[in-house]
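Comments concern the structure below.
Nothing in this text is a laboratory measurement; each read-out follows from the coordinates by a stated rule. Source: prediction; values computed, not measured. Note that we place each Cβ from the backbone using ideal geometry, even for glycine, and neighbour counts take in every protein chain shown.
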Amino acid sequence: MTETYRRACALTELEEDAPKRVELEGVPVALVRTEGEVFAVNDICSHANVSLSEGEVEDCQIECWLHGSSFDLRTGKPSGLPATRPIPVYPVKIEGDDVLVSVTQES
């Protein structure tokens, strides 16, 4: 499957460790700028149907505010209960000041 990148936002819109929710092609995406990189993961917790972009970011993990499960921003894998399933992670490219994300091919 070919990756199709869409503009998600301007890089300047992303504050360090402050998740931003965007919707690309009907997919809710949490964008996170942390540790000098930008990550894009599915914004919905795999344990409960809540928005991860409302949670905290620390050590390249995003935490679900409702039950406290954290997910690795690089792999989508949960680091502890109650979540047991990973969340989708999407490829990101930076072109100039644009943050581009591909939701067409999940990793």
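Taking the Cα centre of the chain as reference, the dipole from Cβ charges on Lys and Arg (+1) and Asp and Glu (-1) amounts to some 420 debye.
Taking amide H atoms as placed 1.01 Å from N in the peptide plane, the amide H of residue 43 lies under 5 Å from those of 29, 30, each 5 or more residues away in sequence or on another chain. Dimensions of the chain from C-alpha coordinates, computed as largest minus smallest value along each principal axis and given longest first, are 38, 31, 19 Å.
Scalar couplings 3J(HN,Hα) for region 17-34, obtained by applying the Karplus form with A = 6.51, B = -1.76, C = 1.60 to θ = phi - 60°, are 6, 10, x, 10, 8, 9, 10, 10, 6, x, 9, x, 10, 9, 9, 9, 9, 8 Hz; x denotes Gly and Pro. Look at the Cα gyration tensor of region 1-54: its axes a ≥ b ≥ c give a/c of at least 1.5 with a/b at or below b/c, and that counts as oblate. Which of 33, 74, 85 ends up with the largest GNM mean-square fluctuation for the chain, with Cα atoms connected below 10 Å? In the Gaussian network model the winner is 85. When the chain is treated as a Gaussian network with alpha carbon springs shorter than 10 Å, the biggest mean-square fluctuation among 79, 46, 69 belongs to 79. With 0.36 nm allotted per residue and the present C-alpha distance subtracted, the residue 10-residue 98 stretch has 31.2 nm of extension available.
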